[in-house]
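Structure record follows, encoded as structure tokens.
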Amino acid sequence: MADNKFSRSQSLMASCVPMTTLQSILGGKWKILIVWYIAVYKVQRFGELQRRIGDEITKSTLTKQLRELESDGFLHREIYKEIPPKVEYSLTELGESFIPVLQTMMAWSETFLCPDYQNPYKK
């Protein structure tokens, strides 16, 4: 049988397990941006995140993606028992360990995709 992309798929899939795992965790449309804003601002409330991301994200989508990131160990959710209820999101140790990857992605994007962009988050 000829060697083609279908006959090699088993070995290719095995070699991509780390990237497949990462893709499954951060593959949501807004997840990288959510993690980015929490990394930059350290702690974010739901409304702050929604305002930063903009009108393109619905409350239900933001809620779903925050819960998934929490479930996957990237975010910590702190619930304050007060009225009105207050919830704050911060990065876990795992989430913090991803910050250098985010910074590299941002630098690459600034260089190759948005060369005229003036990054307000650069120190």
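The values are calculated or read from the model by the stated rules, or taken from the named source; none is laboratory data. Since we're looking at a predicted model, the values are computed, not measured. We place every Cβ from the backbone using ideal geometry, glycine too, and count neighbours over all the protein chains shown. Side chains are part of the model used for accessible areas, which takes the heavy atoms of the whole protein and leaves out ligands, DNA and RNA. Shrake-Rupley method; radii C 1.70, N 1.55, O 1.52, S 1.80 Å.
Could you grab the pairs with beta carbons closer than 6 Å, sequence gap of 6+ or different chains, first residue in region 57-83 and acidic (Asp, Glu), second one outside any loop (DSSP other than H, G, I, E, B)? Listed pairs, sorted by first residue: Glu70/Arg77; Asp72/Ile25; Glu78/Glu88.
Pairing residues of region 34-55 that are farther than 15 Å from Glu96 by Cβ and without any contact (Cβ under 8 Å) to a residue 40 or more places away in the chain with residues that are open to solvent by less than 50 Å² (accessible area, probe 1.4 Å) and of a type in the set (Ser, Thr, Tyr), at Cβ distances under 7 Å and at least 6 apart in sequence or on separate chains, gives Arg52/Tyr37. Based on what the data block shows, is Lys59 in contact with a helix residue (DSSP H, G or I) (Cβ under 9 Å, 6 or more places away or on another chain), open to solvent by 80 Å² or more (accessible area, probe 1.4 Å) and of a type in the set (D, E, K, R)? In short, yes.
Among residues that are out of contact with any Pro (no Cβ under 8 Å at 6 or more places or on another chain), open to solvent by 40 Å² or more (accessible area, probe 1.4 Å), assigned to a helix (DSSP H, G or I) and closer than 20 Å to Pro120 by Cα, Glu68 is not included. Within region 77-95, the residues that satisfy the criterion of being crowded, with 16+ Cβ neighbours inside 10 Å, touching a helix residue (DSSP H, G or I) at 6+ places or on another chain (Cβ under 8 Å) and in a strand (DSSP E or B) are Tyr89, Ser90, Leu91. Residue count for region 27-41, restricted to those that are within 16 Å of Ala107 (Cβ to Cβ) and hydroxyl-bearing (Ser, Thr, Tyr): 0. With respect to being loosely packed, with under 11 Cβ neighbours inside 10 Å and of a type in the set (Asp, Glu), Glu48 falls outside the description.
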